[in-house]
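Any read-out appearing in this document is the output of simple, stated calculations on the displayed coordinates, not a laboratory observation. From a predicted model like this one, the values you see are computed outputs, not experimental measurements. So basically every Cβ, Gly included, is an ideal-geometry build from the backbone, and we count neighbours across all protein chains shown.
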Amino acid sequence: MQALSTRAKVLEKKPMTLAERAYLPAIFQGLSITMRHFFMKKATIRYPEETRPFSPVFRGLHVLKRDEQGRERCTACGLCAVACPAEAITMVAGERKKGEQNLYREEKYAISYEINMLRCIFCGLCEEACPKAAIYLQADKIAPPRYERDEFIYGKDRLVEAVAPETRSKRGIQLTPEQAAKLKTQLA
Ligand code: SF4
Ligand code: SF4
C-alpha cells in the first residue's frame, strides 16, 4: 500500500530486557518523581489548623456592628434582606422600649436577625444597602465548617459584635490616612 506522506517513521520493535519486563526502570522513574515532590514546597496546607492570608478585599463572615456607645446599630429596616440576591436574610422588627436606649440606637431594632450562610454568596450587597452602617462582611473570618445544616443559620447571638471594644471587628471603622495608603499599596 502506498504511504500517505513521507513523514511516517518506522520504529524498530526491540525485545524488552529482563529489567524492563520486571518494570524496574518505570518503578525507579516513579520513585524519583515521588521523592522530588516529597522535598518540594507543599502546595497544600493543614486546614483548619493553618489558614492562608486573606486578601484585604476578602468578604467573609458577617458582623452586626455596635456604635461607639456599644448600642446595636441595626434598625431592622429590611433593606439588606431586599438587596440580598440569595434571600439569605430574615428578621423580625420590634419597637424599642423605654429604658432600652443604651441597647439599641434607633427606635426600631431587630428582635431576631438571621443569615443562612449556606445560601449566602458573600457578595456584600447587604453591606452596601445598609443605611445605618450596621452590617459588614469581615475580611479575616469565614464561616467555619459544621456537620449540621442548622448550624449555618447565624442568629444575633453569633452576628452581633462583642460589647468589649477591643474584641470588635475592624470592619466598618473609618481608616486613618496611613491605613488607607497601606491598603492602596496592597491592592496595587
Ligand atoms: S453577602 Fe450577599 S448573599 Fe450574603 S447575605 Fe449579604 S447580600 Fe445576601
Ligand atoms: S443591617 Fe442595615 S439594612 Fe439590614 S435591617 Fe439592619 S439597618 Fe436595615
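Before moving on, here are some points about what is shown:
- Pairs of Cα atoms nearer than 8 Å and 6+ residues apart set the relative contact order; for the chain it is 23 percent.
- Measuring against 18 Å, Cα to Cα, the residue pairs Lys65/Lys108; Lys141/Lys182; Lys98/Lys132; Lys42/Lys182; Lys65/Lys132; Lys108/Lys156 contain Lys141/Lys182; Lys98/Lys132; Lys42/Lys182 as the ones spanning a longer distance.
- Between Ala133 and Arg119, the simple label model (points 7 Å from Cα in the Cβ direction) yields a spacing of 2.9 nm.
- Loop-located chymotrypsin sites (Phe, Trp or Tyr not before Pro) in the stretch 45-149, at most 14 other Cβ atoms within 10 Å (DSSP): Phe54, Phe58, Tyr147
- Reachable aspartates and glutamates from Lys97, criterion Cα separation under 20 angstrom, eight or more residues apart if same chain: Asp67, Glu72, Glu106, Glu107
- Extending 7 Å from Cα along the Cβ direction at Met40 and again at Arg71 yields two label points whose distance is 5.9 nm.
- Listed residues Asp150, Asp67, Asp140, most fluctuating in the chain (Gaussian network, C-alpha, under 10 Å): Asp150
- Cysteines not pairable in the chain (beta carbon separation under 4.7 Å absent): Cys74, Cys77, Cys84, Cys120, Cys123, Cys130
- Residues listed by number, the stretch 102-129, amide nitrogen under 20 Å from Arg146 label point at 7 Å toward C-beta: 111-124
- Between 0 and 90°, nearest 10: helix 177-187 axis offset from the chain longest Cα axis: 30
- Rounded to 10°, Cα long-axis angle of helix 24-38 versus longest principal axis of the chain: 30
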